[in-house]
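Heads up: the structure comes next, in structure tokens.
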Amino acid sequence: MKCYDCDTEARTDTSAIGVCDRCGLLTCQDHSHVVPAGVLVPNGLGRTLSPLPARRVVCHTCRAAETAR
Ligand SMILES: [Zn+2]
Ligand SMILES: [Zn+2]
């Protein structure tokens with residue numbers, strides 16, 4: 001499987017390691033950001049944030065958009 005960003009840059013020496021959680025495109029190690037993600041777990045009648053972080057993969061483009069101010 002090829003990384004979308006590498007494909008647009010005509011790079012062929014990489015392989016995808018994940019799928020961007022936001023845009024759904026395949027990303028390689030170079031174009032991925034693995035970031036902590038909060039998870040809501042059942043707690044009584046409601047839900048609370050898990051004490052342990054999960055993780056998610058986002059591509060360069062989506063990470064830049066998420067962190068832009
Ligand atoms: Zn790539
Ligand atoms: Zn993305």
The answer for the chain, accessible area per residue at 1.4 Å probe in Å², is 73 Å²
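Relative contact order of the chain, please, whole-number percent, based on alpha carbon pairs below 8 angstrom and at least 6 residues apart. If you can, show how the numbers build up before the last one.
Values: 107 pairs, mean separation 19.1, N = 69.
After rounding, I find 28 percent.
If each DSSP helix of 4+ residues adds -39,500 (n - 2.57) and the sum is divided by the residues in the chain, what number results at 222 nm, nearest 500 deg cm²/dmol?
Details: 2 runs with 13 residues, N = 69.
It comes out at -4500 deg cm²/dmol, rounded to the nearest 500.
How much of the accessible area of the stretch 4-67, probe 1.4 Å, is carbon plus sulfur, in whole percent? Display every interim value, and only then the final one.
On the way: 2370 of 4450 Å².
For the stretch 4-67, the apolar C and S fraction of the accessible surface comes to 53 percent.
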Checking rank on 9-19, 24-34, 38-48, with mean other Cβ inside 10 Å and highest first, the result is 24-34, 9-19, 38-48
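The values are calculated or read from the model by the stated rules, or taken from the named source; none is laboratory data. The structure presented is a predicted model; accordingly, all values stated were derived computationally and were not measured. Here the Cβ is made from the backbone with ideal geometry for all residues, glycine too, and neighbour counts use every protein chain on show. Protein only, heavy atoms only, side chains kept; ligands, DNA and RNA dropped before computing areas. Shrake-Rupley method; radii C 1.70, N 1.55, O 1.52, S 1.80 Å.
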